[in-house]
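Since the structure comes first, as structure tokens, the remarks are kept for the end.
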Amino acid sequence: MQTQNQAAPDGLECVRRFINTWSISNQTRMEMDDLQLLWGSAERWRDELSRHPRADSDTLERLLALRSDLRKSCEGLDDDRNLLNDWFSHEALSVHVESTDEGVPRLRVIPADSSYIAHTLAVVANAISAGTWSRLKTCGDCRWAFYDTTRNGGKRWCGMSKGGADGRACGTIAKVSAFRARVAAQAKLDLGES
Ligand SMILES: [Zn+2]
């Protein structure tokens, strides 16, 4: 888990934080889930997750389901988009036309009620339109959600170097493992040939 240079643009950063309320500890490698704690405290919700407060309709059960589906989408497990479409068709969202600086009309999805879920889905919908949703990814190793800022969008791990006490060098670890495997394979070959 590394937080440097991982922040997503605009409201998408809040969605990234929401997805990362479930994570795998760097130290113990155990799963950690902070959502219930945040859900139970308006203060912690505001300070650690979002300035958009939760409404009565934002039950813990529904938030857990939303987080799970958003995570699956980021992990590439919603290729046919059924999970996202299901949320979009059931939540209170509406479409708004606004003008860009170039005077071209642009569609913007806005939440039609004050729930955190509708707010979050509107952010996701607008990120899909803007092409930024596909850059929100999860680490192939520790599953931490990060925003891919690389030019070619080919980043696969949360960090290539350890970035502080919580930092985890997943990319480096994967590269070292691959290197060791290659060395071991070569050693076997060399033994076989001699
Ligand atoms: Zn990682």
Of the residues in region 52-109, those that are without any contact (Cβ under 8 Å) to a residue 24 or more places away in the chain, within 26 Å of Gln36 (Cα to Cα) and of a type in the set (Lys, Arg) come to Lys72
Would you check which residues across region 150-177 are of a type in the set (Gly, Ala, Ser), open to solvent by 50 Å² or more (accessible area, probe 1.4 Å) and either at pLDDT 80 or above or near the ligand (Cβ under 10 Å from one of its atoms) (or both) and list them? none
Take the residues in region 33-44 that are of a type outside the set (Asp, Glu) and farther than 16 Å from Arg16 by Cβ; name whichever of them is surrounded by the most Cβ atoms within 10 Å (Cβ to Cβ). Trp39
Quick one: what pairs do we get from region 6-19, first residue of a type in the set (Asp, Glu), second surrounded by fewer than 21 Cβ atoms within 10 Å (Cβ to Cβ), C-beta under 6 Å, 6+ apart or different chains? Glu13/Ala7
Kindly list the number of the only condition in (1) surrounded by 14 or more Cβ atoms within 10 Å (Cβ to Cβ); (2) over 23 Å from Asn126 (Cα atoms) that fails for Thr21. (2)
Scan (1) open to solvent by 60 Å² or more (accessible area, probe 1.4 Å); (2) within 18 Å of Ala127 (Cβ to Cβ); (3) aliphatic (A, V, I, L, M); (4) under 16 Å from the mean Cα position of the chain (by Cα) for the single condition Leu107 breaks and write down its number. (4)
Members of region 51-100 found to be surrounded by 13 or more Cβ atoms within 10 Å (Cβ to Cβ), farther than 27 Å from Arg143 by Cβ and not small (Gly, Ala, Ser), listed by number: Pro53, Leu93
Can you report the number of residues in region 138-149 which are open to solvent by 50 Å² or more (accessible area, probe 1.4 Å) and more than 8 Å from the ligand (Cβ to nearest atom)? 1
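The values are calculated or read from the model by the stated rules, or taken from the named source; none is laboratory data. If you're wondering where the values come from, they're calculated on a predicted model, not measured in any experiment. Here Cβ is always computed from backbone atoms with ideal geometry, including for glycine, and neighbour counts include all displayed protein chains. The area values use the complete protein model at the heavy-atom level, side chains included, leaving out ligands, DNA and RNA. Shrake-Rupley method; radii C 1.70, N 1.55, O 1.52, S 1.80 Å.
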